[in-house]
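Trainee: Have a look at this one before I ask anything.
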Amino acid sequence: MGLFFFWYKRSRDAKDNFLVTISQLSSELERTEEVVEFYDSTLLRTEEAVFRLHPFLRKSRRGDLSAVWNVYRQARAALQEAASDKRIDHIFDEYRRKHGWPIPKTKRERIEIFHKKFKQIAT
């Protein structure tokens, strides 16, 4: 019985930490002017939160989290190479169409979509 409660508490703590981290990142994104710099400076925090939660998710959600994380990690090149907000990254666009995500109009919206998907997976 004690092991169950220990595992439940660790799982709950990981989920809470993940949601708090993503909420903080979303708030920071609203205040930042340069999206690429924001992405670069917060990638490690995002990665830590993702992999802290990862072992506590069900198999299907763990797969969803890994897939979204992989696309998010690859978004760096697209964000940095984009001369304007109109450039569409092929990896992101393919994943977006497959899963019915909205079409982002700006770099900021692209990051916001990821934050929203991360939250949906965790809850």
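The values are calculated or read from the model by the stated rules, or taken from the named source; none is laboratory data. This one's a predicted model, so the numbers in the text were calculated from it and none came from an experiment. Every residue, glycine among them, receives a Cβ derived from its backbone with ideal geometry; neighbour counts consider all protein chains shown.
Trainee: Of the residues T42, T46, which is closer than 14 Å to F118 by Cβ, out of contact with any helix residue (DSSP H, G or I) (no Cβ under 6 Å at 6 or more places or on another chain) and either surrounded by 14 or more Cβ atoms within 10 Å (Cβ to Cβ) or aromatic (F, W, Y) (or both)?
Mentor: Selected residue: T46, the only one of T42, T46 that is closer than 14 Å to F118 by Cβ, out of contact with any helix residue (DSSP H, G or I) (no Cβ under 6 Å at 6 or more places or on another chain) and either surrounded by 14 or more Cβ atoms within 10 Å (Cβ to Cβ) or aromatic (F, W, Y) (or both).
Trainee: Could I ask something else about it? Name the residue that is modelled with the highest pLDDT, counting only residues in segment 50-86 that are outside any helix (DSSP H, G or I) and of a type in the set (D, E, K, R). Full working, then the answer.
Mentor: Initially, segment 50-86 is screened for residues outside any helix (DSSP H, G or I), giving 57-58, 82-86.
From the residues that got through so far, the ones that are of a type in the set (D, E, K, R) too are 58, 85-86.
Details: R58: 92, D85: 49, K86: 50.
Here the residue is R58.
Trainee: Shifting gears a bit: Looking at (1) at pLDDT below 90; (2) part of a helix (DSSP H, G or I), find the lone condition where K105 falls short.
Mentor: Here K105 clears every test but (2).
Trainee: Any chance you could count how many residues in segment 95-110 are closer than 17 Å to D64 by Cα and either surrounded by 12 or more Cβ atoms within 10 Å (Cβ to Cβ) or of a type outside the set (K, R) (or both)?
Mentor: Let us first name the residues in segment 95-110 that are closer than 17 Å to D64 by Cα, namely 95-101.
Subsequent filtering for residues that are either surrounded by 12 or more Cβ atoms within 10 Å (Cβ to Cβ) or of a type outside the set (K, R) (or both) retains 95-96, 99-101.
The qualifying residues number 5.
Trainee: Can you spot a residue in segment 16-31 that is among the polar types (S, T, N, Q), modelled with pLDDT under 90 and over 30 Å from F4 (Cα atoms)?
Mentor: no
Trainee: Among the residues of segment 41-72 satisfying the criterion of being closer than 21 Å to E28 by Cβ and among the small types (G, A, S), which is farthest from the chain's Cα centre (by Cα)?
Mentor: Restricting to residues being closer than 21 Å to E28 by Cβ and among the small types (G, A, S), the top hit is S41.
Trainee: Quick check on this structure: which one of R31, R12, R58 is closer than 19 Å to R110 by Cβ, basic (K, R) and out of contact with any strand residue (DSSP E or B) (no Cβ under 9 Å at 6 or more places or on another chain)?
Mentor: So the residue among R31, R12, R58 that is closer than 19 Å to R110 by Cβ, basic (K, R) and out of contact with any strand residue (DSSP E or B) (no Cβ under 9 Å at 6 or more places or on another chain) is R31.
Trainee: Quick one: which of L44, L29, L3, L25 is farther than 23 Å from R73 by Cβ and either part of a helix (DSSP H, G or I) or among the small types (G, A, S) (or both)?
Mentor: Just one listed residue meets the conditions, L3.
Trainee: Quick one: would you say F18 is under 13 Å from the mean Cα position of the chain (by Cα) and touching a residue at least 24 places away in the same chain (Cβ under 8 Å)?
Mentor: Criteria met by F18.
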